[in-house]
Amino acid sequence: MSKPVAIVTRKWPMSCEQRLKELFDVTLNETDKPFTTEELKQALQNCDVLMPTVTDKISADVLSVENRKANMIGNFGVGFNHIDIQKAKELGITVSNTPAVLTDCTADIAMSLILMVARRVGEGERELRSNNWTGWRPTHLLGTKVTGKKLGIIGFGRIGQAVAKRARFGFDMEILFWDPFDIPNDVINKFNANKLNTIEDICRESDFVSVNCPATEETFHLMNKERFVLMKKSAFLINTARGDIVDENALVEALRNKDIAGAGLDVYETEPNLPEELKTFENVVSFPHLGSASIETRIAMGNTAIDNSLAFFEKRDLPNKVV
Ligand code: DGY
């Protein structure tokens, strides 16, 4: 039997590319240059499975390309807001993602942001590297203690809970959360967490507000001007989920007005661009979307995308079917 034809839109870890070559008639992207809209359309016409990632905008227009051959999209990543899922469903295209395997690493990055922004680590490093450190003194770069503070988590799914685990058991933090879905009592009890009724309550009560929900129409600009104003002036916003859950202009305004104490960000509304002013605040720590960026996790993501695609062609249940 001939192998399914696969097109991969970005460079993957070497061992995954090796596995792809064994299992598929695959076209890899050696240059790692992102596909244009036209190239994405052509790819859908020329393969059985497209393996895109978060940097590929798979819009309704792209999916509706004439003479499409691909009926499977094996996404490299957990988030699928870059794919028009409704359209895919309408057209009978199967889409899979890679949840679970990136939970720990994303939670680690959230914790790094909490620590860095509260303890002014970025500022300190910049000072040292620019040869401006004059030595230890009792009032030098005083930050905020993290241990024992209140962490408000918006979205208490896999990643939210993994952040809670680190914060609760590593840093003795008090866990508050908001989630539109019912969370089992044993999970809540495990973290001695408190479910608050509204996002407003989370904003009012937390020392750190961590965004850990998916990007959907409902969560677009969920953190907005009104909610920043509700946050304590001493509180920090942490976002490791998706950029457009936070209204970036409102965030810049909140930072400018000192409505909040700072922000730790891994994701942005229009990556890789972020508002110039956001880069000027000393009390903002900005990572270039590093959540899942460990070699172990990226290999696991690639293998999960492969496993989902194999299941599709072998007519088995997909381990991680989105639609
Ligand atoms: C995902 O998988 O959606 C991440 O944002 C990429 O690490």
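Quick notes on this structure:
- Helical mean residue ellipticity (222 nm; -39500 (n - 2.57) per DSSP H run of 4+; nearest 500) of the chain: -9500 deg cm²/dmol
- Expressed to the nearest 5 percent, the antiparallel share of DSSP beta bridges inside the range 103-286 is 5 percent.
- Annotation for the range 237-323: trypsin sites (Lys or Arg not before Pro) lying in DSSP loop with at most 13 further Cβ atoms inside 10 Å of their Cβ are Lys258, Lys315, Arg316.
- For the chain, with all protein chains in place and a probe radius of 1.4 Å, 51% of the accessible heavy-atom surface sits on carbon or sulfur.
- Surface accessible to a 1.4 Å probe, per residue, for the residues of the chain, Å²: 49 Å²
- Sorting the segments 129-139, 30-40, 228-238 by their mean number of nearby beta carbons within 10 angstrom, highest to lowest, gives 228-238, 30-40, 129-139.
- Highest-first arrangement of 113-120, 188-195, 290-297, where packing means the average Cβ count within 10 Å: 113-120, 290-297, 188-195
- The distance from the alpha carbon centre of the range 20-47 to that of the range 85-139 is 29 Å, rounded to a whole number.
- Protection proxy ranking, peptides 46-54, 87-95, average beta carbon neighbours within 10 Å, highest first: 46-54, 87-95
- In Hz, Karplus ³J(HN,Hα) per residue of the range 305-311 (6.51, -1.76, 1.60; θ = phi - 60°; x = Gly, Pro): 4, 5, 4, 4, 5, 4, 4
- Cross-linked pairs Lys89/Lys195; Lys21/Lys321; Lys190/Lys315; Lys145/Lys225: Cα-Cα separations exceed 30 Å for Lys89/Lys195; Lys190/Lys315.
- Of all DSSP beta bridges in the chain, antiparallel share, percent nearest 5: 5 percent
- Chain lengthening between Gln18 and Ile295 when straightened (0.36 nm per residue, less Cα-Cα): 98.2 nm
The values are calculated or read from the model by the stated rules, or taken from the named source; none is laboratory data. Small disclaimer: the values here were computed from a predicted structure and weren't measured. Note that each Cβ is placed from the backbone with ideal geometry, even for glycine, and that neighbours are counted across all protein chains shown. What goes into the accessible areas is simple: the full protein's heavy atoms, side chains included, and nothing from ligands, DNA or RNA. Shrake-Rupley method; radii C 1.70, N 1.55, O 1.52, S 1.80 Å.
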